[in-house]
Amino acid sequence: MTDTGGIAPAVESILATARQRGGGDERVSVDPRPLPAAIQRAEAAGRVPIIAEIKPTSPTTDGERRDDPVELAEQMVDGGATALSVLTEPEHFGGSPETLRAVREAVDVPVLRKDFILREDQLDTVEADLILLIARFVDDLDELVTAARERGFQVLVETHTEAEVETALDAGAEIIGVNNRDLARLDVDLSTFESVAPSGSEDVTLIAESGISTQGDVERMRAAGADALLVGSAIMDGDVAANTRRLTTTETEQ
């Protein structure tokens, strides 16, 4: 469903780089740690399910954080993170497959590979528990979802519009993320999740992405039906363990 009309220049640059990036030499096979089960365990323990993101830098942030990513991952898990998201895009986000591999070896929670994956061979770059596919940029979502599942990956299909959600559902997506950030303008609006997230889809795990920085934001997204929340900058900016704990702790526990 590739749609690159109206895309911000920064995102166009990321896509151009992604189109040129190769994949792995050998087909990977993954025994994944299930995200839905991890979410259930967090809720049973009274924690808000947070997917904490290790993001050294991005086109929408200033500067770069150079901490050891394994140490950051361990601090996030200590703070109660249900799962981790690791950027593997090198040129614009400072990530790498090697970082994801090291993080996954160090923790026991599900780890999402966050990147701009456009072709099947790019699935074979590194093992992860989940991979991100952005509905807007994938030519044949059904085909790529199937290819990912054949390798054992769980697939998080990212959407931003109702039409993209329908495309994700038609492709059999079981984990759908709604990105509150509009990639055309790079601005953020939390009402996106509220208006776009499908209702009554008990078999689908819903993830709210972007723009979540306060406990009020967490409560708002959860009230709108988010099973889990993907949070990057609000956790990476400052004390990672404390920031994670702040967002995973319910108001009644504080």
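Can you put M236, M221, M76 in order of Cβ neighbours within 10 angstrom, beginning with the fewest?
Ordered from fewest to most neighbouring Cβ atoms within 10 Å, M236, M221, M76 come out as M236, M221, M76.
Would you please give the residues with an amide H less than 5 Å from that of D129, counting only those at least 5 places away or on a separate chain, with H modeled from the backbone geometry?
For D129, whose amide H was placed from the backbone, the distant partners under 5 Å are V111, R113.
Restricting attention to region 172-254, which GluC sites (Glu not before Pro) occupy a DSSP loop and are surrounded by at most 15 other Cβ atoms within 10 Å?
For GluC sites (Glu not before Pro) across region 172-254 that sit outside H, G, I, E and B with at most 15 neighbouring Cβ atoms in 10 Å, the list reads E202.
So what is the relative contact order of region 76-164, in percent, for Cα pairs below 8 Å that sit 6 or more residues apart?
This gives 22 percent for region 76-164.
Which order results if L130, L15, L156 are arranged by neighbouring Cβ count within 10 Å, fewest first?
The most exposed by this proxy come first: L15, L130, L156.
Show log10 I(q)/I(0) for region 1-159 at q = 0.09 Å⁻¹, two decimals, from a solvent-free Debye sum over equal Cα scatterers.
-0.29
Work out from phi, with θ = phi - 60° and the Karplus expression 6.51 cos²θ - 1.76 cosθ + 1.60, the ³J(HN,Hα) of each residue of region 181-194, listed in order in whole Hz, and give x for Gly and Pro.
8, 7, 6, 6, 10, 6, 8, 10, 9, 5, 5, 4, 4, 4
Report the calculated FRET efficiency for D140 and A163 (r = Cβ-Cβ distance, R0 = 22 Å), to the nearest 0.05.
0.85
Using a Förster distance of 35 angstrom, determine the FRET efficiency expected from the C-beta separation of E150 and V188, and round it to 0.05.
Result of the calculation: an efficiency of 0.50.
Give the order of I54, I117 when sorted by the count of other beta carbons within 10 angstrom, beginning with the fewest.
I117, I54
Which value at 222 nm does the chain reach when only helices count, each DSSP H run of 4 or more adding -39,500 (n - 2.57), with the total divided by all residues and rounded to the nearest 500 deg cm²/dmol? Numbers along the way, then the final one.
Details: 11 runs with 93 residues, N = 254.
Calculated from helices alone, the mean residue ellipticity at 222 nm is -10000 deg cm²/dmol.
With r defined as the distance between the Cβ atoms of A45 and T214 and R0 fixed at 35 Å, what FRET efficiency is calculated, to the nearest 0.05?
Here the calculated transfer efficiency is 0.95.
Just so you know, all these numbers are worked out from the coordinates, no wet-lab data involved. All values reported here derive from a predicted model rather than from experimental measurement. As a convention, Cβ positions derive from the backbone with ideal geometry for all residues, glycine included, and neighbour counts pool all protein chains shown.
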